[in-house]
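The values are calculated or read from the model by the stated rules, or taken from the named source; none is laboratory data. What you see is a predicted model, and the numbers here were worked out from it, not measured in a lab. Counting neighbours? That spans all protein chains shown, and the Cβs are built from the backbone with ideal geometry, glycine included.
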Amino acid sequence: MIVLPEALRVEAQADEVERFVVGAVVHHRGAVLIVRHNDLDEFFPGIEELPSGGVEAGETLAEALDRELLEEVGFGAGGIDCDFRIGSEQLRQAH
């Protein structure tokens, strides 16, 4: 399982952020994974976007990302390299 800093959530809550969303940019062999909503989807039919979704009550950020990836593309976040950027600061998370 990946480790995402829950400190991000604490900082956001201090700024009165009430709702959280997670997402992933999935690179594989020089390609980036984009998901397309079904044309009959009630939420932005036909839109193309990165795999993402809301964090449910009681979930950590990592749990939410794993669940969203499983729901949308059929694999969890366990195999994902955890280099990610927040603004201009790059963080490296240990597995």
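Worth pointing out:
- Hey, Glu71 in a loop (DSSP other than H, G, I, E, B) and at pLDDT 85 or above or not: no
- Some residue of the range 38-51 being at pLDDT 85 or above, among the small types (Gly, Ala, Ser), loosely packed, with under 15 Cβ neighbours inside 10 Å and in contact with a His (Cβ under 7 Å, 6 or more places away or on another chain): yes
- Enumeration of residues in the range 18-34 that are modelled with pLDDT of 85 or more, surrounded by fewer than 14 Cβ atoms within 10 Å (Cβ to Cβ) and not in a loop (DSSP other than H, G, I, E, B): Val21, Ala31, Val32
- Filtered by the rule that a residue be within 16 Å of Ala12 (Cα to Cα) and within 13 Å of the chain's Cα centre (by Cα), the range 33-61 gives Gly54, Val55, Glu56, Glu59, Thr60, Leu61.
- Restricting the range 2-17 to residues that are at pLDDT below 80 and loosely packed, with under 12 Cβ neighbours inside 10 Å, the residue that is farthest from Pro51 (Cα to Cα) is Ala7.
- Pairs where the first residue, in the range 13-36, is closer than 20 Å to Glu72 by Cβ and the second is loosely packed, with under 10 Cβ neighbours inside 10 Å, C-beta under 8 Å, 6+ apart: Val25/Val32; Val26/Val32; Ile34/Glu48; Val35/Glu48; Arg36/Glu48
- Checklist (1) in contact with a Leu (Cβ under 9 Å, 6 or more places away or on another chain); (2) in a loop (DSSP other than H, G, I, E, B) applied to Asp39, failing item: (1)
- Of the criteria (1) surrounded by 13 or more Cβ atoms within 10 Å (Cβ to Cβ); (2) modelled with pLDDT under 85, which one Gly78 fails: (1)
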